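Read-outs: derived from the displayed coordinates by stated rules, not from any lab. Values in this document were obtained by computation on a predicted structure and should not be read as measured data. FYI the Cβ positions are ideal-geometry reconstructions off the backbone, even for glycines, and counts take in every protein chain you see.
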Amino acid sequence: MARIQIPLPETFVFETALDIRIGDINYGGHLANDAILRLAHEARLRFFKAYGYTELDVEGHGIIMTDAAIVYKAEVFHGENLIFRLGLTDPNKYGFDLVYQASHDKTGQEVARLKTGIVFFDYGKRKIAPMPDMFMTRFPREQQGGMA
């Protein structure tokens, strides 16, 4: 079976540290597979907040997640911390991909890579909306990791 490959962007636009809590641990004693998506969601919220946005208001539109992919690289345990680095890739008329690299805060070992497809959404009309031009001006071309 072919494995998912998630290439990292050349540049990351945001970084945050997250604690691994007891609720993030599975019966095997390490980070649960569903917990990494919750942690990525927290990192995404912090990313938008750092740029003055919320998931419901990015230059007048909200966002929705259209897909997700995860590649696990190493175990993580309760009480440890992860550094999430986020980068923007693969733009289109309606959104982009957000790529996350999660690494152990003490060793730097990569723990996981994730990609979530982000699409802009008009919640009033319940329809997909074009990516706001002002959103992309926040990120210099060299920070757009493959973005045109």
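Report, in debye and to the nearest 20, how large the dipole of the chain comes out about its Cα centre when Lys and Arg carry +1 and Asp and Glu carry -1 on their Cβ.
It comes to approximately 260 debye.
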Extension gain (nm, one decimal) between Ala74 and Arg46, 0.36 nm per residue minus Cα-Cα | 7.7 nm
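Rounded if a/c is under 1.5, else prolate if a/b is larger than b/c, else oblate: which is the chain, with a ≥ b ≥ c the root eigenvalues of its Cα gyration tensor?
Working: a/c = 1.87, a/b = 1.68, b/c = 1.11.
Because a/c hits 1.5 or more and a/b exceeds b/c, the chain counts as prolate.
Assuming R0 = 25 Å, what is the FRET efficiency of Arg3 and Asn26, from their Cβ-Cβ distance, to the nearest 0.05? Show your work: numbers first, answer last.
Details: r = 21 Å, r/R0 = 0.85.
The computed FRET efficiency comes out at 0.75.
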Pop out the ³J(HN,Hα) list for the range 125-139 in order, Karplus 6.51 cos²θ - 1.76 cosθ + 1.60 with θ = phi - 60°, rounded to Hz; leave Gly and Pro as x.
-> 8, 6, 9, 4, 10, x, 4, x, 4, 5, 4, 6, 5, 6, 10
Give the long-range amide H neighbours of Val111: residues separated by 5 or more places, or on another chain, with amide H under 5 Å away, using H modelled in the peptide plane at 1.01 Å from N.
-> Ala102, Ser103, His104
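Quote to one decimal, in nm, the extra length available between Thr66 and Glu10 on full extension: 0.36 nm per residue of separation minus the C-alpha distance between them.
On the way: separation 56, 0.36 × 56 = 20.16 nm, distance 2.32 nm.
Gain in length upon complete extension: 17.8 nm.
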Residues in the range 66-82, backbone N under 12 Å from the label point at Lys106 (7 Å along the Cα-to-beta-carbon vector): list them, ranges by number please.
-> 77-82
Loop-only check: which GluC sites (Glu not before Pro) in the range 58-148 are DSSP coil with at most 14 other Cβ within 10 angstrom?
-> Glu75
Karplus-derived HN-Hα couplings along the range 103-119 (A = 6.51, B = -1.76, C = 1.60, θ = phi - 60°), whole Hz, x at Gly and Pro | 10, 5, 5, 8, 9, x, 4, 5, 9, 7, 10, 9, 9, 10, x, 10, 10
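Could you work out the helix-only [θ] at 222 nm for the chain, with each DSSP H run of four or more residues adding -39,500 (n - 2.57) and the total divided by the number of residues, to the nearest 500 deg cm²/dmol?
Working: 2 runs with 23 residues, N = 148.
That comes out to -5000 deg cm²/dmol.
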Using a Förster distance of 22 Å, how high is the FRET efficiency between Thr137 and Ala17, based on the Cβ-Cβ distance and rounded to 0.05?
-> 0.20
